[in-house]
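Q: Structure below; questions to follow.
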Amino acid sequence: GIGLDLSIEGIKTAARGGGDIRWVCADGAHLPLTTGSLPFILNVFAPSEYEDFARVAPGGILIKVVPGERHMHELRSLVGLAEDTPDSATVLFKKRVSFISSVDVIETLHLHTEEESRAVAHMSPVGFGKLDEVDSSEGGWKDLENITTHSRILVGRLP
């Protein structure tokens with residue numbers, strides 16, 4: 001298999017997981033792959049370049065994972081962002097591929113320490129630009145005791 005990420009640190013971390021995967025540091029907007037070289041694509045929390053997906057996996061399966069409406073709602077609330085997000089990714093997916101199915105996966109995890117809460121918040125783009133306010137506030141990270149992940153898994157066939 002082939003794994004791709006724009007972050008060299010992400011590639012290094014993924015490569016430590018073992019397995020028979022070749023990792024490539026590249027921009028997903030211009031896949032460095034041969035036309036027709038893949039049977040399917042798994043796209044997780046990343047922008048979609050549907051034309052390039054169809055080029056490298058014509059007629060193949062696209063599995064796309066997008067954040068659902070409740071994704072990290074506790075962090076959104078803490079930094080003052082709207083809780084619900086429009087599901088434009090699903091609408092676009094259904095326009096660009098032959099939709100097969102979708103499933104939502106929702107899990108709430110307890111965060112045991114302030115350090116754990118801070119680490120979760122800093123790894124997510126949800127609070128970018130607002131985390132310094134939480135770091136310097138009186139309550140700090142004590143108010144982030146749980147975090148919900150809400151992933152919508154979309155499956156479709158590329159043209």
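The values are calculated or read from the model by the stated rules, or taken from the named source; none is laboratory data. Because the structure is a prediction, the values reported are computed rather than measured. Note: ideal-geometry Cβ built from the backbone for every residue, glycine included; neighbour counts use all protein chains shown. Keep in mind that these areas ignore ligands, DNA and RNA; they rest on the heavy atoms of the full protein, side chains included. Shrake-Rupley method; radii C 1.70, N 1.55, O 1.52, S 1.80 Å.
Q: Output the qualifying pairs, or none if there are none: Cβ atoms under 7 angstrom, residues six or more apart or on different chains, first residue in the range 86-101 and in contact (Cβ under 8 Å) with a residue 40 or more places away in the chain, second residue charged (D, E, K, R) and open to solvent by less than 50 Å² (accessible area, probe 1.4 Å).
A: Final answer for the pair search is Thr90/Arg152; Phe93/Lys64.
Q: Follow-up question, since we're still on this one. Please verify whether the range 79-88 includes one or more residues that are in contact with a Lys or Arg (Cβ under 7 Å, 6 or more places away or on another chain), exposed (fewer than 13 other Cβ atoms within 10 Å of the Cβ), among the acidic types (Asp, Glu) and modelled with pLDDT of 95 or more.
A: No, there is no match, as no residue in the range 79-88 is in contact with a Lys or Arg (Cβ under 7 Å, 6 or more places away or on another chain), exposed (fewer than 13 other Cβ atoms within 10 Å of the Cβ), among the acidic types (Asp, Glu) and modelled with pLDDT of 95 or more.
Q: Here is a follow-up. Which pairs turn up if I take residues in the range 51-66 that are among the basic types (Lys, Arg) and look for partners that are open to solvent by less than 10 Å² (accessible area, probe 1.4 Å) with beta carbon separation below 6 Å, at least 6 apart in sequence or on another chain?
A: Short answer, once both residue conditions are applied: Lys64/Phe93; Lys64/Leu154.
Q: From the list Val44, Val56, which one is open to solvent by 50 Å² or more (accessible area, probe 1.4 Å) and modelled with pLDDT of 90 or more?
A: Val44
Q: Right, something else. Can you say whether Leu92 is of a type outside the set (D, E, K, R), part of a helix (DSSP H, G or I), closer than 30 Å to Tyr50 by Cβ and modelled with pLDDT of 85 or more, as far as the supplied structure shows?
A: Spelling it out, Leu92 is indeed of a type outside the set (D, E, K, R), part of a helix (DSSP H, G or I), closer than 30 Å to Tyr50 by Cβ and modelled with pLDDT of 85 or more.
Q: Out of curiosity, is Leu81 touching a residue at least 40 places away in the same chain (Cβ under 8 Å) and in a loop (DSSP other than H, G, I, E, B)?
A: Criteria met by Leu81.
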